[in-house]
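Please read the structure below before turning to the comments.
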Amino acid sequence: MKTVFQDGDSALLGLYQSILEDAGIQTVIHNVDTFHAIAGSGGAAFAPIVTFPELRVIDDEDYPQAIELLRRAREGDSLVGAEWKCAGCGETVPGNFTSCWNCGLDRAEKT
């Protein structure tokens, strides 16, 4: 396992984890319980070194792709595909949706 991102912001960790897992990269967040226990107890009095939670890729071979995806996310490059037309109802659906907001048909499904 290799660490690809480290931060105390659980929302950002979750976002980055979602980006990687949507790309088929298996991940795990490490040290989250320790960090919250230390932060919730007043911090440094109990632990001289605070270890932020780490987002890690499970397969080391995914590391280069994961780093590139996270770089693009931080730089604001579009990770979202173009809008698409639902094959079921004909609605235009934003690129970040995996199913139609109107009828629920999955993007990959054909009618």
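Identify all residues within segment 27-52 that are exposed (fewer than 13 other Cβ atoms within 10 Å of the Cβ) and modelled with pLDDT of 85 or more; write none if there are none.
Correct list: Val28 only.
Within segment 72-89, can you find the residues that are farther than 25 Å from Gln17 by Cβ and either in contact with a His (Cβ under 7 Å, 6 or more places away or on another chain) or modelled with pLDDT under 85 (or both)?
Glu83 - this is the single residue of segment 72-89 that is farther than 25 Å from Gln17 by Cβ and either in contact with a His (Cβ under 7 Å, 6 or more places away or on another chain) or modelled with pLDDT under 85 (or both).
The values are calculated or read from the model by the stated rules, or taken from the named source; none is laboratory data. Treat the numbers as computed from the prediction; the structure is a model and nothing was measured. As a convention, Cβ positions derive from the backbone with ideal geometry for all residues, glycine included, and neighbour counts pool all protein chains shown.
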